[in-house]
1. What is the Cα coordinate range of the protein assembly as shown on the first, second and third principal axes, sorted by size from largest, in whole angstrom?
2. Roughly how tilted is helix B:121-134, in degrees to the nearest 10 and between 0 and 90, from the longest Cα axis of chain B?
3. Treating the Cα atoms of the stretch B:96-168 as identical point scatterers in vacuum, please give the log10 of the normalised Debye intensity I(q)/I(0) at q = 0.13, 0.15, 0.18, 0.19 Å⁻¹, two decimals.
4. Project the alpha carbons of the stretch B:61-125 onto their principal axes and report the range along each, largest first, in whole Å.
5. Ranked highest first by average number of other Cβ atoms within 10 Å, how do A:99-111, B:84-96 line up?
6. Please determine, in degrees from 0 to 90 and to the nearest 10, the orientation of helix A:6-31 with respect to the longest principal axis defined by the Cα atoms of chain A, where the helix direction is its Cα long axis.
7. Quick one: Cα convex hull volume of the stretch A:205-257, Å³ per residue?
8. Using the beta-carbon distance between residue A:35 and residue A:90 and R0 = 25 Å, what value does 1/(1 + (r/R0)^6) give for FRET efficiency, to the nearest 0.05?
Amino acid sequence: MHRYRFVLYRPIQLIPVLFGISVITFVLIRLIPGDPARVLLGTRATPTAIANIRAQYGLDEPLLTQYVYFVKNLFAGEMGRSILYKVDVVQLIGTRIEPTLALVAMGVVLSLLISVPFATISARRQGTLADHTVRMLSTAGIGFPSFWLGAMLIILFAVKLDWLPVSGYGGTFGEKLQHLVLPGLTIALSLSAILTRSLRAGMIAGLKSDIATAARARGMSEGVVFWRHVLPNALVPTVNLLAVNIGWLIGGTVVVESVFAVTGLGQLMARGIFTRDYMVVQGVALAFACATVLVNFLADIITVVLDPRIEL
Amino acid sequence: MMPLLDIQNLSVTFRDGEERRELLRDISVHLGKGEILGLVGESGSGKSLLCRAVIGLLPSSKLHVTGGRVLLNGQELTDTAAVRGRPIGMIFQNPTSHLDPVMTIGKQISEGLIRHRGLSRPEAGREGIALLDQVGFPDPAAAFVSYPHTFSGGMRQRAMIAIALACDPEILIADEPTTALDVTIQAQILQLLMDLRDRRGLSIILVTHDLGVVAQTCDRIAVMRNGQIVEVGEKRALLAHPHHPYTRQLIASHPSLSHASDEVPVHAHHKAPLFQVQDLRVEFASGGWLGGRKTFRALKDVSFDIWPGETVGIVGESGSGKSTLARAMLGLVPITAGEVLFEGQSLTKAPTATLKALRNHAAMVFQDPFNSLNPRMTIGQTIAEVLQSQGETPVEQIPARVDELLDMVGLERALAGRRPRSLSGGQCQRAGIARALAVNPRVILADECVAALDVTIQAQIVALFRKLAADHGLTLIFIAHDLAIVRNLCERVVVMHHGQIVEDGPSARVFAQPARAYTRALIAAIPDIDPDRPINGGINPETQQEYAT
């Protein structure tokens, strides 16, 4: 079981990573010109009122002192109060995390549902019309920006066909699922384009590999060769690619949630940036970073399970 | 008696648009029950293609069987897919790439047992463990649940044989089954194949480039060249009285035929050794900064001297540390402890000066002739680059010097304008040697530089080295796993095992009277072209030794 030992010591290695992330998120938002007190109070606020707000949120302290408070609070499980919402940031993230998680999960599931069959068809019928179509679509999928794609999906499925809700996030489970289809699809279309290409390449290499030749020479049918020998070997690199892309995707929810008005972390982040809500931005950024790190950690575990040769 | 497998006038053609090339022409050969047929030829002769054609697994869709037929038990074979696994099994050259790395050996064996013998999964488990026992796994139950990467190359080949046997074949096609293995392991695998023939009445087609391998194992030999069978016959008759000139050339090129030179070691004439290696230790670390750190000791306190003008062969099996030794001597690998002195200068104490001296006086020739040459540069450019960076040849004289170097290694001057891709392996290796000679080295280190070449080409390159060493007074350090070649070329041989030197002495003495048991086993395992010499010199293979690393 020594191959799984990294599960114990990897979290320790993450400490410096998280420290670095906290510094970067803290500094970056403060580099943007603008002042949260001014945004909050409007253009006609008196200098005293602005100074009061700044003092209230500790914004008048030197940067280093502010950072020390930020880290101290983190250890106590707090991330300060939102300037705009006047709520504790941890609570705020707690209420907004569910739609984002559900959206990412929906995107990943849909992208696998699209990419595995497409890659399979494409690889097993290499050079045919089906293969060329899949390759053309996946190239197109990478090219379309998600804000445009999202708008097009809304026009087609929500406005013209009226199959699905335009935007928002429902109350019941069924409603939520309905609301998540279009934003999930927006994510899945670009993600599956990348996954399909990787899987297709892995499968084609696998079908020509010595492993496949040896299996055929033992009299195994093409189906057995493909499902039992080619697919498991092709999945290993794709899992890692998926993990890297989930990292991107978590950041991408900022755009997708804004387009579809999903009340998740991405939308919270976008508002926070516009209103210079420092506490919210650094809190959500930290949450995003932790999620990305966690996803990669999970991907490592899956890789070790899938490929017995890998030791981490 | 009717042959079990009868190939009649088989032809295979490559077709791509208008282009047509006949890769196998009119092949007729047969295999009797319980017989071992050796199929011998150099790379590109079509021997693997022939095997693939029989079971309908041609490596490209542009290849087509364009003539002839195959009879199995007197019946014409129409559906090649139906005979795969049973009754025709196949094993391959490289067990590492042919075994599925993400599937246990047991599952890969069960696959065949379930499909071809209709066993249930528990039955397949029992039968699979019995098969692993038959092919020589010391702990078959543990091997059954293990993944291929946990085994050594020899055990992986045994696993592949067990997987083929699981399908219950009557005929086993073994395509270069021992080429990737060390000599002692090769002897064990060949012995296993012969045992299987005796125990199960298996008929075997053994494909190899090494006449020595077939001489000691096969009943009949078929020699292939350029897609044709040039000669077939009972092995003794064929080896004793070859008819075809190519067969004669193959036999003459076999390294086991020539014998060690009895030259007196030259260092009597010199005062100081060129290289002094003292208690050299090289360790490699693995593992991260929080994970368990491991060190692998590649060289354990190695000491020896090399004198100017010597030709020294360093031999050993894979993992013995012979390449690490060579790299450490050239300063290419960090030294953990000990000393390397080049002309009395210490590589550890005065690294800058010694490295400079080494770069000017020592050159290396690599194993892979294609990949050690830059594919985008012509041969002339490759050699000229060395001359330019060394800076000792005036620019206007460089083309003349390139021509001179090409003459030295026996390449036509016109080839200077060609790129590696359009040259043969032997030509590329000659170009690699010319590049090494460009710096006017006093010492050449050749790391397995003929391992990738065909026997006839090997013989030519060895002759070239011999001539260069004699004409230019070069010191030659020749690293090889092939003892037979070292015996032909080198006056002194250093035998390495597990990072240590186990024997060091004049070739004539070491090969005639090896002092150590390991050297004796290594020499005994050299495939000999003499059909009456038993495989592995009659020494019992130590199966345990190569078990799981």
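1. Cα spread of the protein assembly as shown along its principal axes, largest to smallest: 108, 74, 56 Å.
2. 50 degrees
3. Values, matching the q order: -0.29, -0.39, -0.56, -0.63.
4. Extents along the principal axes, in whole Å: 43, 27, 18.
5. Top to bottom by mean Cβ count within 10 Å: B:84-96, A:99-111.
6. 50 degrees
7. Value for the stretch A:205-257: 83 Å³ per residue.
8. After rounding to 0.05, the efficiency reads 0.55.
Rule-based calculations on the coordinates, nothing more; no lab input. Remember, it's a predicted structure, so these values are computed and weren't measured experimentally. Using ideal geometry, Cβ is built from the backbone for each residue, glycine included, and neighbour counts are taken over all protein chains shown.
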